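Report on one structure; see the data block that follows.
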């Protein structure tokens with residue numbers, strides 16, 4: 001009997017335990033998500049009085065994929081955020097833009113929708129520019145990005161701001177005429193217009209970021225992980241796009257108009273663009289634009305030519321756009337169209353550490369020489385305040401020369417962008433920054449005014465995504481690390497002569513190869529052209545003499561540097577003005593043409609002197625024998641002239657070889673520019689310039705010996 005009772009009790013116990021464990025196994029994670037009350041097409045009540053919209057449907061699918069028991073509430077945006085902070089909700093999804101301020105309080109999932117805001121009016125209004133809103137009342141919802149944008153630009157456009165708790169009240173105020181315009185998310189206002197509301201959007205939307213699924217900072221990491229996993233799955237399957245299309249919320253994606261875009265940039269502006277120890281260009285600008293191009297789906301071709309050559313290249317149509325730590329200014333806006341700002345920078349003054357204690361205020365710089373790179377905000381600031389504080393401004397074309405001058409004492413102080421100087425200090429430069437930094441402005445991605453507008457749109461959208469996803473911060477932090485963190489993954493030492501050669505010999509030889517090719521090709525062509533014009537000068541035909549003289553005087557009257565820049569930038573720009581089509585020129589070809597035309601003018605004069613040095617009787621004797629003039633020149637006079645002019649021609653070749661350094665101004669990476677790129681990374685000017693000078697010396701001596709042997713054989 002006892003055994004039966006025991007078995008019965010055990011059976012009941014096992015049954016109860018099975019039910020408990022079965023219930024536990026089948027229990028779903030309850031996720032409470034709070035949302036807005038009226039934010040179509042993201043959350044709203046449909047005709048059947050059921051909650052619908054992009055956020056609602058997306059959240060239900062995310063819950064299904066993760067096997068969550070979803071409990072959604074719709075108290076309104078502000079109330080939803082308050083519920084989350086009070087612990088009444090686990091998460092919020094409500095068209096919530098990801099911002100730096102919100103990241104301090106919330107953790108966000110992967111961005112799921114581009115956030116763009118726009119100003120709208122009623123259909124009867126014809127306001128198409130924010131300037132037309134001066135003195136008028138503009139509405140925005142409290143706590144939104146639209147409200148922040150209106151506040152930031154209020155002084156610029158002169159409107160007044162009315163704040164509303166939700167979109168219903170805001171649009172009601174617009175209809176009744178209490179306000180002249182409203183600002184809200186573009187898809188929301190566009191959806192309302194499609195539903196027959198009295199709303200007109202006549203302005204271009206402003207890209208401000210991306211929407212995100214939010215939880216309290218440091219909590220519910222499992223929800224973020226689950227949301228990201230489900231979102232990726234929905235995007236891959238195409239279901240995400242179907243949800244957007246269902247509610248008319250498919251974002252208009254800008255498409256590239258070219259198979260490849262040429263991007264001009266600086267070559268020595270660390271940490272924004274510089275060459276690393278692996279000879280690859282890297283930096284904040286490089287990584288940022290590469291990431292944007294990957295996200296937006298367009299192809300790039302980088303051209304690291306230096307800041308001023310990059311500016312010239314864009315203006316001349318040699319490049320489609322530029323990114324080079326370029327500060328957005330009113331003057332530059334007259335020539336370029338800029339993206340949204342992607343980096344806020346300050347200007348700061350640097351002195352050698354030994355001089356730090358002598359500079360406590362700007363007045364202490366009286367009578368001192370201060371350096372800055374030409375065409376930069378630093379140069380503009382120094383020149384604007386030179387008379388006020390009594391210092392002298394000296395300009396430099398690149399950072400390499402600027403920093404070397406400070407180190408060597410030829411200038412007392414330099415001014416540059418704060419992150420650039422801090423990066424130099426972390427690379428071992430003994431600089432100090434004794435004065436507070438000066439608010440400088442914003443960096444922007446630029447195109448020539450009126451061209452490649454799709455590039456600006458793609459940059460803004462891609463930047464917003466990277467900013468929202470956190471990838472932008474990762475890129476910046478990669479290069480702007482704390483002082484005690486090693487900024488280089490390489491252990492290669494470039495602080496010595498041998499170390500620089502060991503790590504850069506291939507790069508230096510490549511630059512040398514370009515220099516030799518440039519000199520040889522241009523000189524051979526110059527010999528042919530110069531000989532022709534040399535013969536023209538001594539020709540009995542007056543027209544030929546006039547043509548030759550005009551050419552020689554014109555070329556010799558223009559400095560080679562100016563002529564090279566004009567040829568590379570000016571001529572294509574002229575062709576574009578005449579034809580309407582861009583005709584970019586290859587750097588090497590432009591260098592060959594410039595050096596050829598320049599050397600040919602001097603060779604022509606050398607050949608003229610050689611021909612005239614041949615005794616007149618040689619020509620008379622040949623002509624008296626019935627030999628034609630041209631044949632006499634080619635067979636009798638010219639061979640003797642070549643023997644006479646050989647030393648001068650050898651000297652001209654050496655001059656042409658050294659003139660190749662001037663071609664670096666258009667971004668051709670010959671030997672000198674190669675060295676400057678290396679110096680931008682390691683700041684070892686003495687060693688690098690010594691190596692380059694030694695290479696030129698060896699090359700020129702070797703060519704001189706060969707030329708002398710040729711001269712002896714000719715004689």
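The values are calculated or read from the model by the stated rules, or taken from the named source; none is laboratory data. None of these values were measured; they are calculated from a predicted model. Note: ideal-geometry Cβ built from the backbone for every residue, glycine included; neighbour counts use all protein chains shown.
Per-structure values
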quantity	calculated
Residue check, residue 187 assigned to a helix (DSSP H, G or I), under 22 Å from residue 469 (Cβ atoms) and either out of contact with any strand residue (DSSP E or B) (no Cβ under 6 Å at 6 or more places or on another chain) or touching a residue at least 60 places away in the same chain (Cβ under 8 Å) (or both)	yes
Any hit, the range 203-225, residues being over 32 Å from the mean Cα position of the chain (by Cα), surrounded by fewer than 18 Cβ atoms within 10 Å (Cβ to Cβ), without any contact (Cβ under 8 Å) to a residue 60 or more places away in the chain and assigned to a loop (DSSP other than H, G, I, E, B)	no
Condition check for residue 348: in contact with a helix residue (DSSP H, G or I) (Cβ under 8 Å, 6 or more places away or on another chain), surrounded by fewer than 20 Cβ atoms within 10 Å (Cβ to Cβ) and on the phi < 0 side of the Ramachandran plot	no
Matching residues in the range 90-114 - criterion: being more than 27 Å from the chain's Cα centre (by Cα) and in a loop (DSSP other than H, G, I, E, B)	90, 93, 94, 95, 96, 104, 105, 109
Residue among 490, 468 that alone is in a helix (DSSP H, G or I) and either closer than 25 Å to residue 668 by Cα or at pLDDT below 90 (or both)	468
Test set (1) touching a helix residue (DSSP H, G or I) at 6+ places or on another chain (Cβ under 9 Å); (2) more than 18 Å from residue 208 (Cβ to Cβ) - residue 135 fails condition number	(1)
Sole exception among (1) assigned to a helix (DSSP H, G or I); (2) more than 22 Å from residue 232 (Cα to Cα) for residue 58, by number	(2)
Hits in the range 344-353 (condition: modelled with pLDDT of 90 or more and farther than 9 Å from residue 434 by Cβ)	347, 348, 352, 353
Selected residue [outside any loop (DSSP other than H, G, I, E, B), modelled with pLDDT under 75 and farther than 16 Å from residue 530 by Cβ] from 643, 635	635
Where residue 558 falls short, out of the listed (1) at pLDDT 85 or above; (2) closer than 26 Å to residue 511 by Cβ; (3) in a loop (DSSP other than H, G, I, E, B)	(2)
Residue within the range 94-101 that is at pLDDT 90 or above, within 16 Å of residue 227 (Cβ to Cβ) and assigned by TED's automatic domain parsing to the domain that holds residue 247 present	yes
The range 232-288, residues that are surrounded by 12 or more Cβ atoms within 10 Å (Cβ to Cβ), out of contact with any strand residue (DSSP E or B) (no Cβ under 7 Å at 6 or more places or on another chain) and at positive phi	248, 279
